[in-house]
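Nothing in this text is a laboratory measurement; each read-out follows from the coordinates by a stated rule. This structure is a prediction, so every number in the text was calculated from the model and none was measured. As a convention, Cβ positions derive from the backbone with ideal geometry for all residues, glycine included, and neighbour counts pool all protein chains shown.
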Amino acid sequence: MCKNILLISALFAISQYAMATSTTVPEIGIGGDETDPHTHLHFEGIPKDSKIVSVSTHLIVEKAATNGLNFFAVQVNFPNKTWAHGGPQVTSGTEKANWGGLVNRGGGAKDYQEVNWQEDLKLIECGIEKPNTVPWKWDRNCEYTITIERGQQIHLPAGTNVQFKVMAPERTMWEWKLTIKPVAGNHETFTSLLYDSADHISSFYTWNESGYGSTSQEQYAKWARPTYRIEGSSEDKVPAGWRRF
């Protein structure tokens, strides 16, 4: 009984905290000495039938390991079983940015190992104008706004995909643009495009990733609760709450 009361109280406190948090102030810490080791944030209270066309959040990375992979990203999931993630990286001490995605075949390594670009290009195409991951100088302790938004619908003729060396069919796709923009100061803005057959985002997360020699304890980042927009509206909506997973 006491444990249940404590659990309910803790969940209520988390919910109240989430409701009170400003959407533009990065206050949710991940990594380092945080007592909760979970590295992903799930956002609640978004109606299931929402046709999301834009997601935006604020991020400050205070610390990243000089070895291995350090990735701080917004992930969007599309209703055609594709996903994409975008944000700043530090890989073996080198600053980079990434905007890319795949078909969901169960998550994790399976999505990468079972790629079939001849079929997958009908659903998602990355590396538009630049590779998925490119060198990009960004700064610790600088607040950035990360935005993923739908662009125009485009028609793509049949032809050879240069990156994957396969024949792509004629397709109608949507542009999805990632922007990583400093809130203040003389810092560089990053933009990148990918194409997806989906016309909206069905869900989204934010997260830190470590690996290949780095650990989450060597990273520390603060995230703001995102805003999102639905099709046909200019209003920035805020999720009712959040939880770690």
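Can you work out ³J(HN,Hα) from phi for every residue in segment 121-137, in order, using Karplus 6.51 cos²θ - 1.76 cosθ + 1.60 and θ = phi - 60°, giving whole Hz and x for Gly and Pro?
Along segment 121-137, the couplings run 5, 6, 10, 8, 9, 10, x, 7, 6, 7, x, 4, 10, 9, x, 7, 6 Hz.
Check Gln219: other-chain or 5+ apart residues with amide H under 5 Å from its amide H, H built from backbone geometry?
Counting only residues 5 or more places away or on other chains, the set is Gly32.
For segment 137-238, with only Lys/Arg (+1) and Asp/Glu (-1) charged at the beta-carbon, what is the dipole magnitude about the Cα centre, in debye rounded to 20? Working shown, then result.
Working: 11 positive and 13 negative charges, 27 e Å.
My answer is approximately 120 debye.
Could you calculate the FRET efficiency of Glu114 with Glu231 from 1/(1 + (r/R0)^6), where r is the beta carbon distance between them and R0 is 45 Å, rounded to 0.05?
Numbers: r = 31 Å, r/R0 = 0.70.
Step by step, r from the Cβ atoms, then E = 0.90.
Please work out the Cα center distance from segment 188-245 to segment 27-45, rounded to the nearest Å.
13
What list do you get for Met173, Met167 if you sort them by fewest beta carbons within 10 Å? Working shown, then result.
Working: Met173 22, Met167 12.
By the 10 Å Cβ count, ascending: Met167, Met173.
Among Gln75, His42, Cys126, whose Cα sits farthest toward the positive end of the charge dipole of the chain (+1 at Cβ of Lys/Arg, -1 at Cβ of Asp/Glu, about the Cα centre)?
Sorting the options by dipole projection puts first His42.
Can you work out the Karplus-derived ³J(HN,Hα) for every residue in segment 235-245? Use 6.51 cos²θ - 1.76 cosθ + 1.60 with θ = phi - 60°, whole Hz, and x for glycine or proline.
Calculated HN-Hα couplings, in order: 7, 7, 9, 10, x, 5, x, 8, 8, 8, 8 Hz.
Rounded to the nearest 20 Debye, what is the dipole magnitude of the chain about its Cα centre when Lys and Arg each give +1 and Asp and Glu each give -1 at the C-beta? Walk me through the intermediate numbers first.
Numbers: 23 positive and 27 negative charges, 44 e Å.
Dipole magnitude for the chain comes out near 200 debye.
Most fluctuating residue of Pro131, Pro157, Pro169 in a GNM of the chain with Cα springs under 10 Å: which is it?
Looking only at Pro131, Pro157, Pro169, the biggest GNM fluctuation is shown by Pro157.
Picking from His40, His155, His187, which is most flexible by a Gaussian network model of the chain using Cα springs under 10 Å?
So, out of His40, His155, His187, the one fluctuating most is His155.
When you count, for each residue, the other Cβ atoms within 10 Å and take the mean per peptide, how do 193-203, 105-115, 143-153 rank with the highest first?
Working: 193-203: 19.5, 105-115: 10.9, 143-153: 17.8.
Per-residue Cβ counts within 10 Å, averaged per peptide and sorted highest first, yield 193-203, 143-153, 105-115.
Counting only C-alpha contacts under 8 Å and six or more residues apart, can you give the relative contact order of the chain as a whole percent?
Values: 588 pairs, mean separation 86.5, N = 245.
Reported relative contact order: 35 percent.
Using only Cα atoms, find the angle between the long axis of helix 2-20 and the longest principal axis of the chain, and express it within 0 to 90 degrees, rounded to the nearest 10.
Once rounded, one gets 60 degrees.
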